[in-house]
1. Looking only at region 61-115, which residues are among the polar types (S, T, N, Q) and under 16 Å from PRO134 (Cβ atoms)?
2. If you check LYS15, LYS28, which single one turns out to be more than 30 Å from THR117 (Cβ to Cβ) and at pLDDT 55 or above?
3. Only one of these is buried (at least 20 other Cβ atoms within 10 Å of the Cβ) and at pLDDT 50 or above: THR83, THR117. Name it.
4. For ASP101, are the conditions met, namely being at pLDDT 90 or above, over 14 Å from the mean Cα position of the chain (by Cα) and closer than 23 Å to GLY31 by Cβ?
5. If the requirement is being in contact with a Lys or Arg (Cβ under 8 Å, 6 or more places away or on another chain) and not in a helix (DSSP H, G or I), which of these qualifies: GLY79, GLY69?
6. I'd like the residue in region 91-114 that is out of contact with any helix residue (DSSP H, G or I) (no Cβ under 7 Å at 6 or more places or on another chain) and crowded, with 19+ Cβ neighbours inside 10 Å and, out of all such residues, is nearest to ARG44 (Cα to Cα).
7. Could you please tell me which pairs satisfy a Cβ distance under 7 Å, a separation of 6+ or placement on different chains, a first residue in region 102-113 that is closer than 17 Å to LEU75 by Cα and free of Cβ contacts under 8 Å to residues at least 40 places away in the same chain, and a second residue that is small (Gly, Ala, Ser) and surrounded by 14 or more Cβ atoms within 10 Å (Cβ to Cβ)?
Amino acid sequence: MKRIAVLLVCAAACKSAPPPAPATAAPKEDGRAARNTVVSAPDRSAADKDLDPGRKPAEMLDFLDVRPGMKVEDLGAGGGYTTELIARSVGPSGAVYMQNDPRWLSFLKDALAERFTHPAMKDVVRAEIPFDDPVPPEAKNLAVARPRGARGSAGIRPGQLRCDRPADAARLRGQDGGGR
């Protein structure tokens, strides 16, 4: 009986403690508001807006934590749906590289021509280079990484990155004088 009384007292004490206030709630909410502004931009194409329910762009941008001024490379960008969202997120102070393997260009020709008519794509740099060396030379200080789970890897966890090549891993760690 004493054990039950002690357990009830402990349970009541735990339940009566006020919940801790989140220390970083405001910045995260500010970021979400900015991402929602990017997604709801009136000049986004109707075709992209039709894809939004399945692709969940606000959640993707929230997960990637893309911010103004960042330098980002979209590997295997395809027709550029995600690239355009990233370009809108980094703004004019950032840089976006859109990498596609040259063997894809015959399939992407029309989609890319249409995509680059959008004002948000005016500063995006096309990098039409193979996957075995996806970083363009002008992106020397760019850390090339992708979330695990993107394009075939398993186990997405926020903050977990994977580099595909040793040179990129060194760049990500800042051991070659570039990157972070």
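The values are calculated or read from the model by the stated rules, or taken from the named source; none is laboratory data. What you see is a predicted model, and the numbers here were worked out from it, not measured in a lab. Heads up, the Cβs are rebuilt from the backbone with ideal geometry, glycines too, and the neighbour counts pull from every protein chain shown.
1. Quick first cut of region 61-115, residues among the polar types (S, T, N, Q) only: 82-83, 89, 93, 99-100, 106.
Selection gives THR82, THR83, GLN99, ASN100.
2. Details: LYS15 fails: at pLDDT 55 or above.
Result: LYS28 is the single residue among LYS15, LYS28 that is more than 30 Å from THR117 (Cβ to Cβ) and at pLDDT 55 or above.
3. Working: THR117 fails: buried (at least 20 other Cβ atoms within 10 Å of the Cβ).
Only one candidate qualifies: THR83.
4. Numbers: at pLDDT 90 or above: yes; over 14 Å from the mean Cα position of the chain (by Cα): yes; closer than 23 Å to GLY31 by Cβ: no.
Here the answer is no, as ASP101 does not meet what is asked.
5. Details: GLY69 fails: in contact with a Lys or Arg (Cβ under 8 Å, 6 or more places away or on another chain).
The unique qualifying residue is GLY79.
6. The selected residue is LEU112.
7. Pairs that qualify, where the first residue is closer than 17 Å to LEU75 by Cα and free of Cβ contacts under 8 Å to residues at least 40 places away in the same chain and the partner is small (Gly, Ala, Ser) and surrounded by 14 or more Cβ atoms within 10 Å (Cβ to Cβ), are LEU108/GLY78; LEU108/GLY79; ALA111/GLY79; LEU112/GLY79; LEU112/GLY80.
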